[in-house]
Amino acid sequence: MKNLFKSQRGSTIVIFSLLAVIIIGFTSLVTDIGMVAVYKAKLTHAVDSAALAGAQELIYNDYPVHIKVDEYLSENGFPDHSAEIDTDSNSVRVTAFHRVEYKLARLLGYTSKEIHATAKAKVLPVIGVNQGIRPFAIEAFDFEFGETYVLKQGGGSGNSGNYGAVELGGRGAQIYFQNIVEGYNDRLMVGDYINTEPGNMSGPTENGINHLISQCNHIPKCTHSSFDPDCPRIITVIIVDNMNVNGRSSVQIIGFASFFLEGVAGSGNKSEVTGRFIRTVTSGENGDFNQDFGLYGVKLVE
């Protein structure tokens, strides 16, 4: 009996030892698999951000795309990454790789696992702007980068009392002035109809435009060829196919464009608003659209 008891106790110790090894091994794998999943999610987020930032550089051209992508991957927690970057005229595709070093799974002979994530961002014309549009509409034109255009005409010009102002959210000089300073606080889409705002309203126009220009505090001062995207002198306006209408009339939005405000030229009711055409990126709805007026959105397509 004594030998039998010793034999059973020895078998129990062996079984518990084997179970302990199995439990420790399983725990190690679960812990490290969880760590890999966390790194995979972080890498996916970093690659998404890098692809979006890289695609914006197709418009701004401030930095080479690969430098911007590497910068975003590093800033989002992957300084030791390797990446494959493919670009064309309107998209950037990024695949980044990262090796995750195992901790506990090394006890079972597993040392590391390589993970990767891919994202593609595409630049598309904006077909809807959520907010911030200024109350000016100009006729569609083959705009040239850096050229100066009249955004609102002065007295003596215009068509049947219309000088380029539009009614957004209500009529009158006070609402018009507020929309110049703050931008229209609602969404507009290609295909929407809006009303023109007849009258010169030279006072609100001059005060509003001068206010926006004075709010550029960047050093050095922004210009149409070198600007902070959030500069108050960058405004978004409405593009229509025809402003040759009588009095307060309905016109249809066919696109949006951005301009760098140059100022208010002339004096009194002869003053006119001028700006230089620029290409830039904004938030809003974008899509494949045959009208391209230089205002873009960037979105992930894979």
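Structure notes:
- Matching entry among 186, 288 (being touching a strand residue (DSSP E or B) at 6+ places or on another chain (Cβ under 7 Å), surrounded by fewer than 20 Cβ atoms within 10 Å (Cβ to Cβ) and touching a residue at least 40 places away in the same chain (Cβ under 8 Å)): 288
- Filtered by the rule that a residue be of a type in the set (A, V, I, L, M) and not in a loop (DSSP other than H, G, I, E, B), the range 141-169 gives 150, 151, 165, 166.
- Number of the exception - residue 51 against (1) modelled with pLDDT of 95 or more; (2) of a type outside the set (Phe, Trp, Tyr); (3) surrounded by fewer than 20 Cβ atoms within 10 Å (Cβ to Cβ): (3)
- Cβ-Cβ under 9 Å pairs, at least 6 apart or on other chains, the range 212-233 side assigned by TED's automatic domain parsing to the domain that holds residue 277, far side modelled with pLDDT under 95 and hydroxyl-bearing (Ser, Thr, Tyr): 220/226; 227/280; 229/60; 229/280; 229/282
- Qualifying residues in the range 192-235 (those that are among the acidic types (Asp, Glu) and in contact with a strand residue (DSSP E or B) (Cβ under 6 Å, 6 or more places away or on another chain)) - the one surrounded by the fewest Cβ atoms within 10 Å (Cβ to Cβ): 192
- Residues of the range 236-259 that turn out to be surrounded by fewer than 22 Cβ atoms within 10 Å (Cβ to Cβ), part of a strand (DSSP E or B) and not small (Gly, Ala, Ser), as a count: 5
The values are calculated or read from the model by the stated rules, or taken from the named source; none is laboratory data. If you're wondering where the values come from, they're calculated on a predicted model, not measured in any experiment. Cβ coordinates were reconstructed from backbone atoms using ideal geometry, including for glycine residues, and neighbour counts include every protein chain displayed.
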